[in-house]
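J.: For reference, the structure I am asking about is given below.
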Amino acid sequence: MIGKIPYFISIAIMLVGVYGIAINKNYLKKLMSLGIFQAGAIIFFIALAKVSGGSAPIMECVEIEKCSKIVANPLPHVLMLTAIVVGVATLSVGLALIIRIREEYGKIEEDEGSK
Amino acid sequence: MMQATFMLGFLLPILASSGILLLGSRKNLAYSITSFTTIVLFCLSCITFYQILKHGEVLYHFGGWIPPIGIEFKLSKINSFFVLLVSLVALLTFVQGRKILFYEVEAKKINVFCAVFLIAVVGFIGVVLTNDFFNLYVFIEVSSIATYALVAISKNRASVRAAFYYLIIGTVAATFILVGIGYIYAASGTLNISDFILKLPLLKDHMSIKLGFVLMLAGLLVKSGLFPLHNWFVQSYSSTSAFILPFLSSTSSKIYMFLVVKLVFMIFGLKFSFEGTNISIILGTLGVLAMLVGAFAALSKNNLREILIFSSISQIGYIFIAISIGSKAGIVAAIIFLISNILAKTSMFILSSHIYLSRGSYSISKLYDIKRQIPVAVFLFIINGASIVGVPITVGFVAKVGLITSLIEGQMWLMLSLVLVSSFMSLLYMWRVVECFLYDKRGRIDSHERYPAKFTLPRHMTYLSMFSLGKITLVNISCSVFFREFFDFINKLVS
């Protein structure tokens with residue numbers, strides 16, 4: 001049961017993000033909620049990598065097959081490095097768009113009743 | 001040798017786009033480099049497709065790492081055919097001519113525009129070709145981020161806000177796909193798609209696999225703009241620049257629909273996707289709603305661009321109906337529909353922007369009697385419109401025949417009747433547009449006033465563009481004349 005807690009936390013974080021995206025009228029806050037949403041997905045992947053009793057995946061012998069050390073799965077971590085980079089790119093495009101929206105409309109809030 | 005040819009083509013747009021950015025804001029140079037790149041890319045993808053038809057599929061391993069560990073590209077017949085379509089659309093978009101690009105986009109942003117465009121092309125080609133789940137996610141994000149930027153680079157200020165909404169909804173959808181991939185990886189321990197297909201029979205009843213499938217499907221439905229999730233599609237496409245619209249409408253949502261086909265048919269298989277699940281009912285219902293809502297909305301609009309956008313939404317509905325039948329005939333019909341749609345809609349959006357430039361308005365009430373001004377463009381527009389409606393001697397007819405026969409095989413009579421109703425409605429909205437083009441319903445006025453002298457065809461539409469659109473239309477017609485051969489060809493691609 002305790003092993004499942006990280007998964008529940010990741011889903012909870014994702015839900016917080018979705019709620020924030022839906023509720024906030026301010027574009028900057030919407031973007032921050034999007035960041036929180038993506039963080040939930042990242043925590044999900046990191047939780048997948050956990051191997052009970054495993055330590056950092058640094059091998060001390062040359063031939064990997066002969067190593068007896070129990071290590072965490074490094075692949076999800078590597079994937080999440082890429083996902084973080086992608087997330088940063090998305091957020092920076094979003095911020096650039098917010099600057100343009102402010103130039104064009106003079107505010108970064110959603111209009112009441114329109115989209 | 002062939003692998004090297006193709007990978008060169010894949011690298012070329014990346015190199016060209018960084019080159020454009022390094023050269024600074026020289027708009028003519030940027031335009032020339034981009035056009036040259038799209039032409040070379042098109043030739044390369046033609047060669048690759050021909051080679052693969054002749055010698056069978058090719059797997060390319062990046063860095064020489066063998067698949068379960070390394071990332072691979074799969075150049076199968078159907079994948080390389082869709083690469084051909086993407087590069088064709090990119091080519092058609094850029095041969096529209098520099099005048100319309102310079103008219104639609106601010107001068108100092110043209111080099112950025114060209115660079116982002118090439119990145120988007122690479123992204124879509126990567127999405128089609130990759131044979132690795134996580135790589136798929138990365139390419140989806142690469143193409144999407146480039147698309148958000150392309151939507152925002154426009155003189156219309158509404159486009160910035162539309163691009164922001166598109167970014168939010170697109171990223172949420174992509175994150176759903178990412179979490180879906182996580183579930184699939186957790187259950188199968190592999191990210192390579194071929195490897196996963198081998199492992200699937202043992203894992204069929206695993207809850208994680210089912211959850212992963214549903215999450216990926218949900219993300220792709222948002223990305224392809226199926227009915228209740230089509231708002232970003234309407235907003236961003238109705239406000240973006242006319243130059244990029246043909247490219248966006250024919251790649252962005254269409255490629256994600258191809259991914260849906262790939263997911264349900266080639267990766268998970270029809271048995272897993274449709275037996276004992278409600279996927280068929282859900283996709284079918286949403287497809288019917290999209291088809292009818294799109295057609296009604298298209299009938300009620302007076303703006304040429306909005307009519308075409310809602311017609312696209314209606315066509316997305318047809319494609320999902322074809323997928324929801326859950327038989328191989330349905331999948332073939334869906335792919336033919338995709339092809340006919342890409343050919344017809346690209347041409348129609350290009351022609352509509354020329355029609356717009358020759359009258360200065362999209363409102364169809366102002367486009368009366370435009371056939372005298374630009375007869376060839378109107379002629380091509382009508383043929384492509386006929387393809388959307390599904391009139392015989394166009395590829396749209398072949399697509400509709402495929403859809404209807406597979407509906408009859410599946411004995412889905414209600415859906416069949418709704419498809420026929422919606423086809424009739426598409427005839428109505430296309431006729432409304434064509435009627436305005438052909439007849440002058442306003443009564444006669446001074447001919448000097450009717451055709452403003454500064455808007456004439458050669459200024460805005462290059463002969464090259466006209467020629468290539470004519471050729472596409474010819475392909476369109478010949479596909480239906482040789483429709484048995486065309487059917488066999490698609491069947492061969494799918495198997």
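The values are calculated or read from the model by the stated rules, or taken from the named source; none is laboratory data. These numbers were taken from a predicted model, which means no experiment stands behind them. As a convention, Cβ positions derive from the backbone with ideal geometry for all residues, glycine included, and neighbour counts pool all protein chains shown. With ligands, DNA and RNA removed, areas are computed over all heavy atoms of the protein, side chains included. Shrake-Rupley method; radii C 1.70, N 1.55, O 1.52, S 1.80 Å.
Every residue, every condition in (1) modelled with pLDDT of 75 or more; (2) over 30 Å from B:Tyr318 (Cα atoms); (3) open to solvent by less than 30 Å² (accessible area, probe 1.4 Å); (4) among the hydrophobic types (A, V, I, L, M, F, W, C), yes or no:
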{"site": "B:Leu416", "(1), (2), (3), (4)": "yes, no, yes, yes"}
{"site": "B:Val421", "(1), (2), (3), (4)": "yes, no, no, yes"}
{"site": "B:Ile445", "(1), (2), (3), (4)": "no, yes, no, yes"}
{"site": "B:Tyr451", "(1), (2), (3), (4)": "no, yes, no, no"}
{"site": "B:Leu464", "(1), (2), (3), (4)": "no, yes, no, yes"}
{"site": "B:Thr473", "(1), (2), (3), (4)": "yes, no, yes, no"}
{"site": "B:Arg484", "(1), (2), (3), (4)": "no, no, no, no"}
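J.: From B:Lys109, B:Lys155, grab the single residue that is surrounded by fewer than 20 Cβ atoms within 10 Å (Cβ to Cβ), basic (Lys, Arg) and assigned to a helix (DSSP H, G or I).
T.: Working: B:Lys155 fails: assigned to a helix (DSSP H, G or I).
When all the criteria are applied, what remains is B:Lys109.
J.: Taking the condition more than 10 Å from chain A (Cβ to nearest Cβ) and either without any contact (Cβ under 8 Å) to a residue 60 or more places away in the chain or under 23 Å from B:Gly276 (Cα atoms) (or both), does B:Leu178 pass?
T.: no
J.: For the structure I just gave you, tell me whether A:Gly40 is open to solvent by less than 20 Å² (accessible area, probe 1.4 Å) and within 12 Å of the chain's Cα centre (by Cα).
T.: Criteria met by A:Gly40.
J.: Could you check how many residues of region B:223-239 are closer than 21 Å to B:Val121 by Cα and more than 13 Å from every other protein chain (Cβ to nearest Cβ)?
T.: 5
J.: Being over 26 Å from B:Phe483 (Cα atoms) and open to solvent by less than 10 Å² (accessible area, probe 1.4 Å) narrows it down to one of B:Ile336, B:Ile374, so name that one.
T.: On the way: B:Ile336 fails: over 26 Å from B:Phe483 (Cα atoms).
Answer to the selection: B:Ile374.
J.: Spot the failing condition for B:Lys74; the list is (1) of a type in the set (Lys, Arg); (2) more than 26 Å from A:Leu79 (Cα to Cα); (3) surrounded by 14 or more Cβ atoms within 10 Å (Cβ to Cβ), and only one is missed.
T.: (2)
J.: Then there is this: Can you tell me which residue is nearest to the other protein chains (Cβ to nearest Cβ) among those in region A:72-99 that are more than 22 Å from B:Thr171 (Cα to Cα) and in a helix (DSSP H, G or I)? I'd like the intermediate steps shown before the answer.
T.: Just the residues of region A:72-99 that are more than 22 Å from B:Thr171 (Cα to Cα), to begin with: A:72-75.
Going one step further and asking which of them are in a helix (DSSP H, G or I), we end up with A:74-75.
On the way: A:Pro74: 12, A:Leu75: 8 Å.
Per the stated criteria, the residue is A:Leu75.
J.: What is the residue count in region A:1-34 for residues that are open to solvent by 20 Å² or more (accessible area, probe 1.4 Å), of a type outside the set (A, V, I, L, M, F, W, C) and within 13 Å of B:Thr171 (Cα to Cα)?
T.: Number of matching residues: 0.
J.: Still on this structure, please answer the following. Within region B:341-364, does at least one residue satisfy the condition of being open to solvent by less than 10 Å² (accessible area, probe 1.4 Å) and basic (Lys, Arg)?
T.: Yes, the conditions are met somewhere in region B:341-364.
J.: Give the number of residues within region B:216-252 that are under 13 Å from the mean Cα position of the chain (by Cα), closer than 18 Å to B:Tyr137 by Cβ and surrounded by fewer than 24 Cβ atoms within 10 Å (Cβ to Cβ).
T.: 1
J.: Scan region B:112-171 for residues that are among the aromatic types (Phe, Trp, Tyr), more than 20 Å from the chain's Cα centre (by Cα) and more than 9 Å from chain A (Cβ to nearest Cβ) and jot them down.
T.: Residue satisfying the conditions is B:Phe133 alone.
J.: What is the residue count in region B:377-408 for residues that are assigned to a loop (DSSP other than H, G, I, E, B) and open to solvent by 10 Å² or more (accessible area, probe 1.4 Å)?
T.: Applying the first criterion (assigned to a loop (DSSP other than H, G, I, E, B)) to region B:377-408 yields B:390-394.
Filter once more, keeping what is open to solvent by 10 Å² or more (accessible area, probe 1.4 Å): B:390-393.
Residues meeting the conditions: 4.
J.: So which pairs qualify, if the first residue must be in region A:79-91 and within 18 Å of B:Thr190 (Cα to Cα), the second must be among the charged types (D, E, K, R) and open to solvent by less than 50 Å² (accessible area, probe 1.4 Å), the Cβ gap must be under 9 Å, and the two must be at least 6 apart or on different chains?
T.: A:Ala83/B:Glu141
J.: Restricting to region A:43-70, give me the number of residues that are open to solvent by less than 30 Å² (accessible area, probe 1.4 Å) and either β-branched (Val, Ile, Thr) or assigned to a helix (DSSP H, G or I) (or both).
T.: Selection size over region A:43-70: 4.
J.: Could you check B:Gln411 against (1) out of contact with any helix residue (DSSP H, G or I) (no Cβ under 7 Å at 6 or more places or on another chain); (2) assigned to a helix (DSSP H, G or I); (3) not hydroxyl-bearing (Ser, Thr, Tyr) and say which number it fails?
T.: Of everything listed in (1) out of contact with any helix residue (DSSP H, G or I) (no Cβ under 7 Å at 6 or more places or on another chain); (2) assigned to a helix (DSSP H, G or I); (3) not hydroxyl-bearing (Ser, Thr, Tyr), B:Gln411 misses just condition (2).
J.: One residue is enough: does region A:100-108 have a residue meeting the conditions within 10 Å of chain B (Cβ to nearest Cβ), within 16 Å of B:Arg161 (Cβ to Cβ) and either open to solvent by 70 Å² or more (accessible area, probe 1.4 Å) or among the polar types (S, T, N, Q) (or both)? Before you say what the answer is, go through the steps one by one.
T.: Kept after step one, since they are within 10 Å of chain B (Cβ to nearest Cβ), are these residues of region A:100-108: A:100-105, A:108.
Subsequent filtering for residues that are within 16 Å of B:Arg161 (Cβ to Cβ) retains A:100-105, A:108.
From what is left, the residues that are either open to solvent by 70 Å² or more (accessible area, probe 1.4 Å) or among the polar types (S, T, N, Q) (or both) are A:102-103.
Checked against the condition, which is being within 10 Å of chain B (Cβ to nearest Cβ), within 16 Å of B:Arg161 (Cβ to Cβ) and either open to solvent by 70 Å² or more (accessible area, probe 1.4 Å) or among the polar types (S, T, N, Q) (or both), region A:100-108 yields at least one hit.
J.: Would you confirm, using the coordinates I've provided, whether B:Leu21 is closer than 22 Å to B:Val127 by Cβ, modelled with pLDDT under 90 and part of a helix (DSSP H, G or I)? Quick ask: steps written out before the conclusion?
T.: On the way: closer than 22 Å to B:Val127 by Cβ: no; modelled with pLDDT under 90: yes; part of a helix (DSSP H, G or I): yes.
No; evaluated as a whole, the condition is false for this residue.
J.: Does region A:52-71 include one or more residues that are within 9 Å of another protein chain (Cβ to nearest Cβ) and either under 17 Å from B:Gly170 (Cα atoms) or touching a residue at least 12 places away in the same chain (Cβ under 8 Å) (or both)?
T.: So in region A:52-71, the residues within 9 Å of another protein chain (Cβ to nearest Cβ) come out as none.
No, every residue in region A:52-71 fails to be within 9 Å of another protein chain (Cβ to nearest Cβ) and either under 17 Å from B:Gly170 (Cα atoms) or touching a residue at least 12 places away in the same chain (Cβ under 8 Å) (or both).
J.: What's the number of the only condition in (1) within 30 Å of B:Tyr166 (Cβ to Cβ); (2) among the acidic types (Asp, Glu); (3) part of a helix (DSSP H, G or I) that A:Asp111 fails to meet?
T.: So the condition that A:Asp111 fails would be (3).
J.: Failed condition for B:Phe102, given (1) over 19 Å from B:Asn341 (Cβ atoms); (2) assigned to a helix (DSSP H, G or I); (3) open to solvent by less than 10 Å² (accessible area, probe 1.4 Å), with all others met?
T.: Going through (1) over 19 Å from B:Asn341 (Cβ atoms); (2) assigned to a helix (DSSP H, G or I); (3) open to solvent by less than 10 Å² (accessible area, probe 1.4 Å) one by one, B:Phe102 breaks only (3).
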